[in-house]
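Colleague: The structure that follows is given in the form of structure tokens.
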Amino acid sequence: MDYVIEMLNIRKEFPGIVANDNITLQLKKGEIHALLGENGAGKSTLMNVLFGLYQPEKGELKVHGKPVSISSPNDASDLGIGMVHQHFMLVDTFTVAENIILGKEPKKFGKIDKEQAIQQVQELSDRYGLKIDPAAKVSDISVGMQQRAEILKTLYRGADILIFDEPTAVLTPQEIKELIQIMKNLINEGKSIILITHKLKEIMDACHRVTIIRKGQGIRTLDVESTNKDELASLMVGREVSFKTDKKEASPAEEVLHIQDLTVKDARGIEAVKHLNLSVKAGEIVGIAGVDGNGQSELIEAITGLKKSESGTIMLNGKAIQNLPPRKVTESGIGHIPQDRHKHGLVLDFSIGENISLQTYYQRPYSKFGLMNMKNIYEKAKRIIAEYDVRTPSEYTEARALSGGNQQKAIIGREVDRNPDLLIAAQPTRGLDVGAIEFVHKRLIEQRDKGKAVLLISFELDEIMNVSDKIAVIFEGSIIAIVDPKETTEQELGLLMAGSTQQEVGKEANV
Amino acid sequence: MGFLQILEIIVPATLVYAAPLILTALGGVFSERSGVVNIGLEGLMVVGAFSSIIFNLFFADTFGALTPWLGLLVGMAIGGLFSLIHAVATITFRADQTVSGVAINMLALGATLFVVKLIYGKAQTDKITEPFYKGDIPLLSDIPIIGDIFFKDVYYTSILALALAVVAWFVLFKMPFGLRLRAVGEHPMAADTMGIKVYRMRYIGVFISGLFGGLGGAVYASTIALDFSHATITGQGFIALAALVFGKWHPFGAMGAALFFGFAQSLSIIGSLLPLFQDIPNVYMLIAPYVLTILALTGFIGRADAPKALGTPYLKGKR
Amino acid sequence: MSNRLTNLLIPLIAIVLGLLVGAIIMLASGYSVIEGYSALWNGVFGETYYMGETIRQVTPYILSGLAVAFAFRTGLFNIGVEGQMLIGWIAAVWIGTTVNAPMYIHLPLALITAAAAGALWGFIPGFLKARFYVHEVIVTIMMNYIALHVTNFIITNVLTDHKDKTDNIKSTASLHSDFFEKITDFSSMHNGIIVAIISAVIMWIIIQKTSKGFELRAVGMNPHASQYAGMNVRKNIIYSMLISGAFAGLAGAMEGLGTFEYASIKDAFTGVGFDGIAVALLGGNTAIGVVLAALLLGGLKVGALNMPLESGVPTEVVDIVIAIIILFVASSYIIRLVMNQMKKKGGK
């Protein structure tokens, strides 16, 4: 067998956890091989072993049939292995060229030869069809170009084997297609690729073979031709997975959230939300579909009072709430499950009990005349922990110690318990395992059935299509289309998300 | 008083006070550009001043006029060694960088004064017999006008400071080492994935700050103070830190800021000679460097953007 | 080993290590370690006079430790305690020398003014951080030097007529205590210790029991989540620096109204502010810890004065010991690592 890479019986441990337990992965020359697993299954760890960032406790690594030891990224690079990271490893203040040559700088009389660097980078860019501007500063270029720069980093060092770590998280369906084409070009030039992903569609579209990992263990390696999404999903999760959520028809009632002509500037002073209109009714889930960076964050921040809106109105049950401070917005009846639960949702060093009262600690009965009543705070915490199945040793445990899924459950419990009229869920299932994802979706639908209005923002099209009653596509700061999830396809949504109008997509505007 | 005459008074006086600041600030640039906060510049200057003075007192007879120059080397070496304490504490032991810096300052004063008392039995050394003397730089001082202002009746050490600023700029922005050092300070994980040894780079950055800080202290002691006691350095290291920040972590910016602060300090000596400044109460001159740095940080003089990873210990293998 | 136990052990281990380094230095310099450390001990406990002096030294240490600890707990690094202290000192002495009032008005007025002045000096870095995101470390360091020069200027040009020191404060503003003086053989121990202890209790109450303390802690640990939860991060940063500065200002009042009863120009800092950082670190940033750590540090500093007299060892050894202790506490990660290794070996 003509394997370029063999990872045999790899075992990698961290304090208290076995991240990789006897995993075997073999990469053939000229193939695109998928590494499939849920979040936390051990995919990134395995690849970090290959890339030299981690050392395995047990197991063998072979490159082109020869046993090797890879103790640093330099070793990996010398062996022709390159990694395109999920979170870009680019220095914002450097130019594209400087980032690419870092560590292997072309020199003239000891100093960096800038012209050579730019020239070499341009040559590579032309040869592999990766359009970039070598002299541009990273902070000024698009996400797509940043990713191409990451790819060029590996090619500059002569990589023959490329590892792509979840490369499509930040791309539209069109850009994903382009990336797949780039990968196929690379294969034609003699490279071999490992693609780390949890996206089944990409595997079916682009890969030759797939190795499935589950909870640190290698499950199976299959030819993509011989399998399908359902089989891959159940292998990934370990049981039958239904892709459709069980929900009855929505019966939307009166309007709860009414946004009219809203304009919000982002941190740099550029308009991120432009004259946006949106309506969410009680008893319905509105999903906002769009590529990251089209104004979703600013929209949520404007609704929740964290950002000033330049113009326009936000009405909650007929009351204007734009530009109210966050505490007043919360008191008006809005719950918010934030996108980044570690940064915005919890104070990790507080106990889970304290976190559950993070918005309400100053109200009776949790506080009186400025003095806290910890007994009441912890009693409420106990109740919510039980009701929402938050797995924790106790209500006094530090939030940091809980798993992502349990942290999210606690946050959801906190928000829902306040009985808000509008529940905003931003990326609520990011980083959660399938069981927790099902829980979250169930709760959102439950709130909708109770007559609440739910606004769901997500970058996962599957989630939007399964959970929403109505889909609003956001592009460059405004809602450009409203579609019925039952009558649309991923293709269509992808086109809309990339800016095509509904006429171009061949559908009537469905407002 | 003619403008040129004013310059002939101002420039040399400024250079005298600015030189130690320039050197120390340059050291700070290297340390902080690699990601390690260095509040301990004050302590490094103390150690450099101390060792150069002690060396001078002991070996003035042996080396004569060469003594102060050798003293500079001694100051550099001791400063570099001392800085390793900060490096080990912050890089390997992951101590809070600010706290370590404060401890370094305390340790420097305590240790140096201890040794002074041990050797001399008193809290202040004698004056050195072989200090630096002012002179005219050969050739350059013959240039009309410029020569009179910059190169006549100056200390060689002042010119050394300016030259080293240029060298520092070149190394930081034109050499591979500088690119890698800056990468480590902005995005250590990216540098790590490119095969750069983050810990090693930071050690080097801190060590360089020790060399330069020690040199700065030695220059101060050998040109201005001429002896060593607990009051020798008092605050010069912090002014250098201010120059570093005010200069936006750039060698030339730090040099410019240090020149300005040196000017402000020299005014307390030469102010009475100059027309404009005679009437301004001394206190404004004394607090000027500090107020200006605060204004710079607040963005009134343009935003001061520190290296992104400054102050965060690098945890290898953390995701 | 529980987390709490580890947290207690680390300062203790650091202290032992620091004293060890001090011992090594003494040995290397030809001094007798036993003589040196017994001189240190005698310098604190040998006579009631020394014990009184220790308590007197401890008094501003508690307050400067509280100032640093309070700021730390709320996520801020207040290195400006030196400057805030000087400002508080001047303010207290100004009230003490210029106002005429019975003691039950004069003394509290002087104390409150000192606290307010310190708070004002702390407000500036707090405001700059809240509004402009300027890091407080550099600002507070700069403010220290500004305070030094400004207070010197005020003493020579405002409070006196070009003299080096002010008049003594009136006795109605003094913290002087006949009682303490008598029981400690005429040391300068004064009523300030009571003010300090009360302040420690106040800090504990604020941090642990009030909703404001909850907010301050939350903002200190995660300003983003706090903002999302509706707390006003900016206001809390400013509150924190105000309270921290107030404690520091009170520390200055201790010196101005108790130890010295006047203000004089200084050519260098007192060191109390920087020692406060050591106190806060050693005390784990808790009120009770600060009190205990202040006792330790005050004892070390006062005891050190006896060392050259009884054993010939220069007082600077103690400064070195304190610096080493700070380094070790700050490097607690490595101590924890070693402890874990030892635990593993012991468990096998």
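Colleague: Please state, rounded to one decimal and in Å, the Kirkwood hydrodynamic radius that the stretch B:94-250 gives when every pair of distinct Cα atoms enters the mean of 1/r.
Modeller: Hydrodynamic radius (Kirkwood, Cα only) of the stretch B:94-250 equals 18.7 Å.
Colleague: Explain nothing, just the number: relative contact order of the stretch B:109-167, from Cα pairs under 8 Å at least 6 residues apart, as a whole percent.
Modeller: Over the stretch B:109-167, the number comes to 24 percent.
Colleague: With an 8 Å cut-off on Cα pairs and a minimum separation of 6 or more residues, tell me the relative contact order of chain B in percent.
Modeller: Once normalised by length, the contact order is 37 percent.
Colleague: Over the residues of the stretch A:61-177, compute the C-alpha Rg and express it relative to 2.2 N^0.38 Å.
Modeller: 1.11
Colleague: Which net charge results for the neighbourhood of B:Pro144, defined as the other residues with beta-carbon distances under 15 angstrom from its beta-carbon, given Lys and Arg at +1 and Asp and Glu at -1?
Modeller: Local charge sum for B:Pro144: -3.
Colleague: Continuing with this model, one more query. Using a 7 Å offset from Cα along Cα-Cβ at A:Asp75, what residues in the stretch A:144-185 end up with backbone N under 20 Å from the label point?
Modeller: Residues passing the 20 Å test: A:157-163.
Colleague: Contact order normalised by length for chain A, with contacts defined as Cα pairs under 8 Å and 6 or more residues apart; what percent is it?
Modeller: 14 percent
Colleague: Return the subset of A:Lys308/A:Lys380; A:Lys248/A:Lys470; A:Lys66/A:Lys215 for which the Cα-Cα distance in this structure is over 21 Å, preserving the input order.
Modeller: A:Lys308/A:Lys380; A:Lys66/A:Lys215
Colleague: Per 5 Å bin from zero, what fraction in whole % of the C-alpha pairs of the stretch B:1-99 is there, up to the bin with the longest pair?
Modeller: Per 5 Å bin, starting at 0, the Cα pair percentages come out as 2, 12, 16, 17, 15, 13, 10, 8, 4, 2, 1, 0.
Colleague: Still on this structure, please answer the following. Let me check I've understood the local charge: for C:Ala130, count other residues with C-beta under 12 angstrom from its C-beta, Lys and Arg +1, Asp and Glu -1. What total comes out?
Modeller: +3
Colleague: Label-point separation (nm) for A:Arg268 and A:Glu60, each offset 7 Å from Cα along Cα-to-Cβ?
Modeller: Going from the A:Arg268 label point to the A:Glu60 one covers 5.2 nm.
Colleague: Looking only at C:Leu242, C:Leu111, C:Leu27, which one moves most when chain C is put into a Gaussian network model with springs between Cα atoms under 10 Å?
Modeller: The residue with the greatest mean-square fluctuation here is C:Leu27.
Colleague: Okay, next question. Once the Cα gyration tensor of the stretch C:68-119 is found, what semi-axes does its equivalent ellipsoid get, as square roots of 5 times the eigenvalues, in whole Å, sorted largest first? List each step's numbers first, then the result.
Modeller: Numbers: eigenvalues 145, 25, 6 Å².
Calculated on Cα positions only, the semi-axes equal 27, 11, 5 Å.
Colleague: Which value at 222 nm does chain B reach when only helices count, each DSSP H run of 4 or more adding -39,500 (n - 2.57), with the total divided by all residues and rounded to the nearest 500 deg cm²/dmol?
Modeller: Using -39500 (n - 2.57) per qualifying helix, the result is -22000 deg cm²/dmol.
Colleague: At 4 °C and a viscosity of 1.567 mPa s, what translational diffusion coefficient does Stokes-Einstein give for the stretch B:161-288, taking Rh as the Kirkwood radius over Cα pairs? Give it in µm²/s as a whole number.
Modeller: Working: Rh = 16.8 Å.
Value of D from the Cα-based Kirkwood radius: 77 µm²/s.
Colleague: Which one of B:Gly71, B:Leu241, B:Val184 is farthest out on the positive end of the charge dipole of chain B, using unit charges on Cβ (Lys, Arg +1; Asp, Glu -1) and the Cα centre as origin?
Modeller: B:Val184
Colleague: In addition: Among residues other than A:Pro393 whose Cβ falls under 13 Å from its Cβ, what is the net charge (Lys/Arg +1, Asp/Glu -1)?
Modeller: Summing Lys/Arg as +1 and Asp/Glu as -1 gives +1.
Colleague: How far is helix A:114-128 tilted off the main Cα axis of chain A, in degrees rounded to 10, range 0 to 90?
Modeller: Once rounded, one gets 80 degrees.
Colleague: Between B:Ala231 and A:Phe109, what FRET efficiency comes out of the Förster formula 1/(1 + (r/R0)^6) with R0 = 51 Å and r the beta carbon distance, rounded to 0.05?
Modeller: Values: r = 47 Å, r/R0 = 0.92.
That pair, A:Phe109 with B:Ala231, gives E of 0.60.
Colleague: Still on this structure: What's log10 of I(q)/I(0) for chain A at q = 0.06, 0.09 Å⁻¹, Debye sum over Cα points only, no solvent?
Modeller: -0.32, -0.74
Colleague: Rank C:Phe123, C:Met103, C:Ala67 by how far each Cα sits towards the positive end of the charge dipole of the stretch C:43-197 (+1 on Lys, Arg Cβ; -1 on Asp, Glu Cβ) and give me just the farthest.
Modeller: Ranked along the dipole, the leading option is C:Phe123.
Colleague: Taking a cut-off of 15 Å, what percent of all Cα-Cα pairs in the stretch A:51-114 are separated by more than that?
Modeller: 64 percent
Colleague: Shifting gears a bit: Given a Förster radius of 25 Å and the C-beta distance between A:Asp126 and A:Glu178 as r, what FRET efficiency does 1/(1 + (r/R0)^6) yield to the nearest 0.05? Show your work: numbers first, answer last.
Modeller: Values: r = 17 Å, r/R0 = 0.67.
My answer for the efficiency is 0.90.
Colleague: Would you report the distance distribution of C-alpha pairs in the stretch A:379-511 as whole percents per 5 angstrom bin, up to the bin with the largest distance?
Modeller: Bins of 5 Å from zero give 2, 9, 18, 18, 16, 12, 10, 6, 5, 2, 1, 0 percent of pairs.
Colleague: Counting only the backbone N, which residues of the stretch C:272-302 are under 17 Å from the spot 7 Å out from the Cα of C:Glu47 toward its beta-carbon?
Modeller: Correct set: C:302.
Colleague: Can I ask one more? Taking a cut-off of 21 Å, what percent of all Cα-Cα pairs in the stretch C:10-135 are separated by more than that?
Modeller: 62 percent
Colleague: Measure nothing fancy, just the Cα-based angle from helix A:404-417's long axis to the longest principal axis of chain A, in degrees from 0 to 90, nearest 10.
Modeller: For helix A:404-417, the angle is close to 20 degrees.
Colleague: May I pose another question? Where the centre of each part is set by its Cα atoms, how far does the stretch B:6-42 sit from the stretch C:85-117, in angstrom?
Modeller: The two parts, judged by their Cα centres, are 40 Å apart.
Colleague: If you average over every viewing direction, what projected area does the convex hull of the Cα atoms of chain C give, in nm²?
Modeller: Hull-based average projected area comes out at 20.2 nm².
Colleague: Still on this model: Taking R0 as 45 Å, what FRET efficiency do you get between C:Tyr104 and C:Leu5 from their Cβ-Cβ distance, rounded to the nearest 0.05?
Modeller: Computed FRET efficiency for C:Tyr104 and C:Leu5 comes out at 0.50.
Colleague: A follow-up question, please. Note the per residue figure in Å³ for the convex hull of the C-alpha positions in the protein assembly as shown.
Modeller: Each residue corresponds to 209 Å³ of Cα convex hull volume.
Colleague: Right, something else. Given the DSSP H assignment, sum -39500 (n - 2.57) over each helix run of at least 4 residues in chain A and divide by its residue total; what's the result at 222 nm in deg cm²/dmol, nearest 500?
Modeller: So the calculated ellipticity at 222 nm is -9500 deg cm²/dmol.
Colleague: Stretch B:Ser268-B:Leu4 to full length: gain in nm at 0.36 nm per residue minus the Cα-Cα span?
Modeller: 93.0 nm
Colleague: A further question follows. Grab the alpha carbons of the stretch B:51-103, take their convex hull, and tell me the volume per residue in Å³.
Modeller: 71 Å³
Colleague: While we're here: Go through B:Ile10, C:Asn144, A:Gln26 and say which Cα lies farthest out towards the positive end of the charge dipole of the protein assembly as shown; charges sit on Cβ, +1 for Lys and Arg, -1 for Asp and Glu.
Modeller: Of the options given, the answer is A:Gln26.
Colleague: Quote the charge dipole size of chain A about the Cα centre in Debye, to the nearest 20; the model charges only the Cβ of Lys and Arg (+1) and of Asp and Glu (-1).
Modeller: 1280 debye
Colleague: Apply the membrane-span-like helix rule to chain B: whole DSSP H runs, Cα extent along the own long axis of at least 20 Å, mean Kyte-Doolittle hydropathy at least 1.6. List the helices found.
Modeller: Working: long enough: B:3-33 (39 Å, 1.41); B:41-63 (31 Å, 1.51); B:67-87 (30 Å, 1.51); B:97-120 (34 Å, 1.50); B:156-174 (26 Å, 1.97); B:198-220 (33 Å, 0.97); B:251-270 (27 Å, 1.45); B:282-298 (25 Å, 1.71).
Helix filter hits for chain B: B:156-174, B:282-298.
Colleague: Hey, another quick one. Pick from B:Pro138, B:Pro20, B:Pro251 the residue whose mean-square fluctuation is largest in a GNM of chain B, springs joining Cα atoms under 10 Å.
Modeller: Among B:Pro138, B:Pro20, B:Pro251, the largest mean-square fluctuation in the Gaussian network model of chain B belongs to B:Pro138.
Colleague: How big is the charge dipole of the stretch A:208-342 about its Cα centre, in debye rounded to the nearest 20, if each Lys and Arg gets +1 on its Cβ and each Asp and Glu gets -1 on its Cβ?
Modeller: On the way: 19 positive and 19 negative charges, 91 e Å.
In debye, rounded to 20, the stretch A:208-342 gives about 440.
Colleague: Using bins 10 angstrom wide from zero, how does P(r) for the stretch B:3-303 break down, in % of all Cα pairs?
Modeller: 7, 27, 35, 23, 8, 1
Colleague: I've got another one for you. Label points 7 Å out from Cα along the Cβ direction at A:Gln116 and A:Asp421: separation in nm?
Modeller: 6.8 nm
Colleague: Express the Stokes-Einstein translational diffusion coefficient of the stretch A:219-301 in µm² s⁻¹, to the nearest whole number, given a Kirkwood radius over alpha-carbon pairs, 10 °C and a viscosity of 1.306 mPa s.
Modeller: D = 94 µm²/s.
A short reminder: the numbers here are calculations on the coordinates, not readings from a lab. Because the structure is predicted, anything quoted here is derived from the model rather than measured. Note that we place each Cβ from the backbone using ideal geometry, even for glycine, and neighbour counts take in every protein chain shown.
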